[in-house]
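Below you'll find the structure, written out as structure tokens, and then a few comments.
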Amino acid sequence: MKILRNYVKSDLRQLVKSYTWLIGMIGVAVFLFFALETQGFYNNNVVSTYTFATMMTGALITYVFCAFPYATTFSEELEHQYARYCIIRGNLKWYVLSKSLVIYFSSIVVMLGGSFLFLILCRTQVPWMDWEVGNDYGSLLAECYGDILRANKPIVYCMLYALHTGLLAGMLSLVAAFCSIHISNRVLILVMPAFVFRILASLNIAGYNIYIFYCFKIFEKNWQNFLFIFLLSAIPSLLLTIGIYQSMKRKL
């Protein structure tokens, strides 16, 4: 575990010093605004504007920016032969696990940070909520965390919503990381999350698709819904990490 801690510290230091996480957050906020197109502030309130933006096609690019900070690290270190040096200091298993953890959690943080920036910028122009357009909140109140919205805690609701999309972003960033071992083109690697999202959006299982991450209510309790979404993100992410390990072993 000491080897893993050293790897994680090194990866985090590399990530923080690069400032790519900051570019990622700004990119998320910018493309949430871009997703609004000509709609403007939807129903003149922040909550409606945010949920509307996340459901639009333009918001797909936010997943690209979540992958931007660290998803290409495997291909970059393989290209510059730095991966071999890092593995000599420890072992391949901890090396892959460390980078996968940093890719996954940095994507969540970028989505949270970018969404928060978007929310604050919207709040400078319109109120958090407007109960006079109550019909607009009907579906939101009936879904996951509706009780939080009903309790007039819109910022908490929006950040939990962002956490759900962040869990999806973490998984999609690991898809990009897996592809980066086999693809050297950085642009192609970074567009992979948006491409995979579109594929998953076209697949329906028991009436559900990838949009299940967007705070749709499946179970009665909020914690049950969150646990389900977390597992829906964590299990594929674990499988992708194993796939990255096997791919790296063959590469080296």
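Averaged per residue, the chain has 49 square angstrom of accessible surface, using a 1.4 angstrom probe with ligands and nucleic acids left out. A simple spin-label model places pseudo-atoms 7 Å from Cα toward Cβ; at Leu92 and Asp130 they are separated by 5.8 nm. Computed with every protein chain present, the accessible area of Arg89 is close to 130 Å² [probe 1.4 Å]. Using a Gaussian network model of the chain whose springs link C-alpha atoms within less than 10 Å, name the residue from Ile229, Ile181, Ile218 with the highest mean-square fluctuation. It is Ile218. You can think of it this way: the chain between Arg123 and His182 has 16.9 nm of extra reach, that is 0.36 nm per residue less the Cα-Cα gap. On full extension, the segment bounded by Leu239 and Ala151 gains 27.8 nm, given 0.36 nm per residue less the C-alpha separation. In straight-distance terms, cross-link reach from Lys17 covers every one of the lysines whose alpha-carbon lies under 20 Å from its own, apart from those fewer than eight places away in the same chain; here that gives Lys9, Lys99. Helix 186-201 and the longest principal axis of the C-alpha atoms of the chain enclose an angle of approximately 50°.
Computed from Cα positions, the angle between helix 46-55 and the longest principal axis of the chain comes to roughly 50 degrees. Carbon and sulfur: what percent of the chain's accessible surface (1.4 Å probe)? Roughly 66 percent of what the probe reaches on the chain is carbon or sulfur.
Relative to the longest principal axis of the Cα atoms of the chain, the long axis of helix 2-18 makes an angle of roughly 60 degrees. With a cut-off of 11 Å between beta carbons, the residues surrounding Lys217 carry a summed charge of -2, where Lys and Arg count +1 and Asp and Glu -1.
In the chain, helices alone account for a calculated mean residue ellipticity at 222 nm of -23000 deg cm²/dmol, with every DSSP H run of four or more residues adding -39,500 (n - 2.57).
Subtracting the Cα-Cα distance of Arg250 and Met159 from 0.36 nm times their residue separation leaves 28.7 nm of extension gain. Basic side chains Lys and Arg get +1 at the Cβ, acidic Asp and Glu get -1 at the Cβ, and with that the dipole of the chain about its Cα centre reaches some 1300 debye. Computed over protein heavy atoms with a 1.4 angstrom probe, the accessible surface ordering of Met56, Met192, largest first, is Met56, Met192. Average projection, convex hull of the Cα set of region 68-224: 12.1 square nanometres.
The values are calculated or read from the model by the stated rules, or taken from the named source; none is laboratory data. These figures come from a predicted structure and were not determined experimentally. Don't worry about glycine lacking a Cβ; one is built from the backbone with ideal geometry, like all the others, and counts go over all protein chains shown. What goes into the accessible areas is simple: the full protein's heavy atoms, side chains included, and nothing from ligands, DNA or RNA. Shrake-Rupley method; radii C 1.70, N 1.55, O 1.52, S 1.80 Å.
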